[in-house]
Amino acid sequence: MSTVELSIASPDLSVQAMIDLAKRYLEAAKAPATRKAYASDMSDYGSFCARIGQPIFAPGGEVLALYIADLARRGRKPSTIARRVAAIATEYHSAGYRESPASSFLVREVMTGMKRILGTAQDRKSPLMPDDLARIVAACPERLIGLRDASIVLLGFSLGARRAALASIEVSDLELAEQGLLVNIRRDKEDQEQHGRKVPVAFSAHRETCGIRALAAWLEAANIKNGPLFRAVDRHGNVSSRALEPGSIARILKKAARRSGMPEAEVAKLGGHSLRAGMATSAAAFGGANEREIAAITGHRSREVKRYIRDANLFRASAAGKLGL
């Protein structure tokens, strides 16, 4: 995927330094994961254009409208299609075009019709609730990989963190306090400018489900004194020096859930988001936490928190639940 180019050339070293710095800022305008996704999207669009014999930068919206239809035919979700259209629009602007086909009347109408037919409900992963969480942690083996998995599950739940934020935590981000642990989330999806936020994790009343104690056991066993908290462990018990990839969080959670005997149909509904969703839903359902309190921990936007509170209140507000059956 191309980027906007700075074409100014100057023999003045101070000017060149500013140009180089501006290029760095251009590169940092989008998160690495976003750039990677957009590059993949453009590669797919390029293959489609080649297949139908059309240039990538075709005028009008006809080619993009056909691509949207092809994506829907291939079973892509509306959210995925919308992201690919956004990637194509960005590429057009990066290439110097004032307008992209994404803004054309034809493409906007095709997108509207596609959403009407396919629906826009998100295929969200199931929240991991406290009872299942406890069973999963209890089934983690008392060896290095089990200590790591229990620590990821418990700390991930306590923080309500996104996968990328959880995977990027380092020892230097931890601050032990009398009441528990302060974790500095340096960068998050909603905090690309890295303002950061400190999230408190309290000691649990039950040792077996205490995220702080689980983390301490993992760090001691793995002899981790600095650098990334969560790392890969090979079959010989060797601990990597590099942080886990965010995508590993979901795989680790699923594997841990299988160890606990959770039915495969339920395991399939789990993902990296399940820890975050479970924390928010449980805080609302069992702790009576309000919107502001949940958002302070998870970093959610207001409208997202409202969804968790609404889900937590479904059974509480149900008339059928008051029948005494």
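See the values below:
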item: Conditions (1) over 17 Å from S151 (Cβ atoms); (2) surrounded by 14 or more Cβ atoms within 10 Å (Cβ to Cβ); (3) at pLDDT below 90; number of the one not met by S204; result: (1)
item: 2 or more residues polar (S, T, N, Q) and in the same structural domain as N223 (by TED's automatic domain parsing): qualifying helices (runs of 4 or more DSSP H) within segment 130-169; result: 144-159
item: Exclusive hit being surrounded by 13 or more Cβ atoms within 10 Å (Cβ to Cβ) and either closer than 30 Å to L229 by Cβ or within 26 Å of the chain's Cα centre (by Cα) (or both), set G75, G119, G160; result: G160
item: Helices (runs of 4 or more DSSP H) contained entirely in segment 1-89, each with at least 1 residues that are modelled with pLDDT of 90 or more; result: 32-52, 62-73
item: Residue list for segment 241-270, filter: crowded, with 21+ Cβ neighbours inside 10 Å and either of a type in the set (G, A, S) or not in a loop (DSSP other than H, G, I, E, B) (or both); result: I249, L253, A256, A257
item: Segment 93-125, subset at pLDDT below 85 and touching a Gly at 6+ places or on another chain (Cβ under 9 Å), residue nearest to F57 (Cα to Cα); result: R124
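The values are calculated or read from the model by the stated rules, or taken from the named source; none is laboratory data. These figures come from a predicted structure and were not determined experimentally. Don't worry about glycine lacking a Cβ; one is built from the backbone with ideal geometry, like all the others, and counts go over all protein chains shown.
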